[in-house]
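K.L.:
Quick one: structure below, then a few questions.
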Amino acid sequence: MRFVKCYGKKLILKELKKSYNFFINETNTNKKSKGYGLTRDKTILANHIASIASVGYGLAALIVGVEHNWIKYEKAYDRANRILDTFIKNVEGKNGFYYHFVNMETGKREWNCEISIIDTAIFICGAITAGEYFGKEVKEKAEILYKRVNWEWYRNKETNYFYMGYTPEKGFWGHWDMYAEQLMLYVLGVGSETYPVDKSMYNDFKRKKTDYKDIKDIIYTYCGTLFTYQFSHAWIDFRDIIDKNFINWFENSIRATKANRQYCINNKERFKTYGENSWGLTSCIGPKGYCIFGAEPCNANLKVENDGTITPCGAIGSIVFTPEESIKAMEYYYNTFPKLWGKYGFKDGYNLEKEKPWFAKEYIGIDKGIELVMIENYLNGTIWRYIMKNKYVKKGLEKLQFTQIKQKEEILL
């Protein structure tokens, strides 16, 4: 088949449909299986491993599919309903939280992984969004799952930070002590009626701020990787709200995304993969495996961490922040590198630094998920619209003292 160049909205919709197909095809649909509805973590080297975060994005994919007439409402409803049954009955975890990676057939822990607060939160966001969209039993079951989550159990009472991980073998470890992708944790945590945490947790994490070149006042994350500025925004609509300290987190992600792109432009002499239309440093598969790539500003040693790998999901997952720049990047990837495109749209990464250019062969669920949700929010605001109807999300934002921006003017960070 002759490769035909593609641009603009046609390309955006093409990638949206391909990303949707990942969640339709890479999910256990055996109704007799205890793992019904569990979605594969990645397409290679993980044939029986599901990611609970992938399932959260998969629930969003069902909504997107109905909205674009790719799946019948009744079929999507049934599938969402059965997925939540799987989590109610079979997926392994503790205190309402789930293991990061589970067996696709049984729902049991795999890879000796951690019980993950952030991946549980992504799943819960997908569940309550589906609940608002489909209503009836889906909403009832999403609420059951949300009410099970004991947010207080995951809080370090000495520091007032959420821990980062827990395993039965070594207990809790790490802290969410800086700004990153965890804003959703505070919204869900303080909004809970069963196991709420105090709003002081939101106030206590560190907000380190600096400039990058001409881009001012960025509240930055430790590794400067784009998913940390994307994941909470994929679900919660922070566009026109500010907290009591006048922080506009959506505007902050715009600035951080522009800095990430500018960092790639400024370092294109060091890495030939980088450029004005090849940017978006974030976690992805690279030549050495799954790595976290980042940009300034950050605390990480980028000279050690970065190897020239770029992933399409970096720019695409930022389409709500930098639409023009993100669409140009998509057009560049698609029209320049046919090997970067396949069954589920853009593959996970590419690197031009070696004699022979390297292209990933696989797709990762959370990377296709952030593309799918952000594209749909950019086009129609669908995921934002439904999750923002949820009474617990509204309660959480209210308790955290977020308010509407009264005037469309730049907010000081």
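Quick grid of which residues meet (1) charged (D, E, K, R); (2) within 21 Å of the chain's Cα centre (by Cα); (3) open to solvent by 10 Å² or more (accessible area, probe 1.4 Å):
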site	(1), (2), (3)
N299	no, no, yes
T309	no, yes, no
G317	no, yes, no
S326	no, yes, no
Y332	no, no, yes
T336	no, no, yes
N351	no, no, no
K356	yes, no, yes
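K.L.:
Evaluate the range 276-297: report whether one residue or more is at pLDDT 95 or above and more than 27 Å from Y363 (Cα to Cα).
P.N.:
Yes: the range 276-297 contains one or more residues that are at pLDDT 95 or above and more than 27 Å from Y363 (Cα to Cα).
K.L.:
Looking at (1) among the hydrophobic types (A, V, I, L, M, F, W, C); (2) surrounded by fewer than 20 Cβ atoms within 10 Å (Cβ to Cβ); (3) touching a helix residue (DSSP H, G or I) at 6+ places or on another chain (Cβ under 7 Å), can you tell me which one F238 breaks?
P.N.:
(2)
K.L.:
If you don't mind, there's one more thing I want to ask. Test each condition in (1) open to solvent by 10 Å² or more (accessible area, probe 1.4 Å); (2) in a strand (DSSP E or B) for T194 and report the one that comes out false.
P.N.:
Checking T194 against (1) open to solvent by 10 Å² or more (accessible area, probe 1.4 Å); (2) in a strand (DSSP E or B), the one that fails is (2).
K.L.:
Further question on the same structure: Quick one: what pairs do we get from the range 16-30, first residue more than 19 Å from G317 (Cβ to Cβ), second among the aromatic types (F, W, Y), C-beta under 9 Å, 6+ apart or different chains?
P.N.:
Short answer, once both residue conditions are applied: I24/W70; N25/Y344; T27/Y36; N28/Y36; T29/Y36; N30/Y36.
K.L.:
Could you check, for the range 97-115, whether at least one of its residues is among the small types (G, A, S) and within 20 Å of the chain's Cα centre (by Cα)? Spell out how you get there, then give the answer.
P.N.:
Here is the first cut: in the range 97-115, the ones among the small types (G, A, S) are 107.
Those left that are additionally within 20 Å of the chain's Cα centre (by Cα): none.
Within the range 97-115 (the criterion being among the small types (G, A, S) and within 20 Å of the chain's Cα centre (by Cα)), the answer is no, since none of the residues qualifies.
K.L.:
If you go through the range 1-20, how many residues are open to solvent by 40 Å² or more (accessible area, probe 1.4 Å) and of a type outside the set (D, E, K, R)?
P.N.:
Result for the range 1-20: 5.
K.L.:
Exactly one of (1) of a type in the set (F, W, Y); (2) surrounded by 24 or more Cβ atoms within 10 Å (Cβ to Cβ); (3) touching a His at 6+ places or on another chain (Cβ under 9 Å) is unmet by Y57. Its number?
P.N.:
Checking Y57 against (1) of a type in the set (F, W, Y); (2) surrounded by 24 or more Cβ atoms within 10 Å (Cβ to Cβ); (3) touching a His at 6+ places or on another chain (Cβ under 9 Å), the one that fails is (3).
K.L.:
Keeping to the range 197-222, report how many residues are on the phi > 0 side of the Ramachandran plot and assigned to a loop (DSSP other than H, G, I, E, B). Explain how you work it out, then say what you get.
P.N.:
The initial filter retains those residues of the range 197-222 that are on the phi > 0 side of the Ramachandran plot, namely 213, 217.
With assigned to a loop (DSSP other than H, G, I, E, B) added as a condition, the list becomes 213.
Residues meeting the conditions: 1.
K.L.:
Would you check if L185 is within 18 Å of W153 (Cα to Cα), at pLDDT 95 or above and buried (at least 20 other Cβ atoms within 10 Å of the Cβ)?
P.N.:
It is true that L185 is within 18 Å of W153 (Cα to Cα), at pLDDT 95 or above and buried (at least 20 other Cβ atoms within 10 Å of the Cβ).
K.L.:
What pairs come out if I take residues in the range 126-142 that are within 13 Å of E74 (Cα to Cα) and pair them with residues that are open to solvent by 30 Å² or more (accessible area, probe 1.4 Å) and part of a helix (DSSP H, G or I) whose C-beta lies under 8 Å away, six or more apart or interchain?
P.N.:
Listed by first residue and then by second, the contacts come to Y133/Y386; F134/Y77; K136/Y77; V138/Y77.
K.L.:
Hey, does the range 83-101 have a residue that's on the phi > 0 side of the Ramachandran plot and open to solvent by less than 30 Å² (accessible area, probe 1.4 Å)?
P.N.:
Yes, the range 83-101 contains at least one residue that is on the phi > 0 side of the Ramachandran plot and open to solvent by less than 30 Å² (accessible area, probe 1.4 Å).
K.L.:
Additional query: Please specify each residue of the range 153-182 satisfying the condition of being open to solvent by 10 Å² or more (accessible area, probe 1.4 Å) and assigned to a helix (DSSP H, G or I).
P.N.:
Matches in the range 153-182: W153 only.
K.L.:
Has the range 246-254 got any residue that is without any contact (Cβ under 8 Å) to a residue 40 or more places away in the chain and either closer than 17 Å to N306 by Cα or not in a loop (DSSP other than H, G, I, E, B) (or both)? If you could, list the steps in order and put the result at the bottom.
P.N.:
First, the residues of the range 246-254 that are without any contact (Cβ under 8 Å) to a residue 40 or more places away in the chain: none.
No, the range 246-254 has no match at all.
The values are calculated or read from the model by the stated rules, or taken from the named source; none is laboratory data. This structure is a prediction, so every number in the text was calculated from the model and none was measured. Using ideal geometry, Cβ is built from the backbone for each residue, glycine included, and neighbour counts are taken over all protein chains shown. For accessibility, only protein heavy atoms count, side chains too; no ligands or nucleic acids. Shrake-Rupley method; radii C 1.70, N 1.55, O 1.52, S 1.80 Å.
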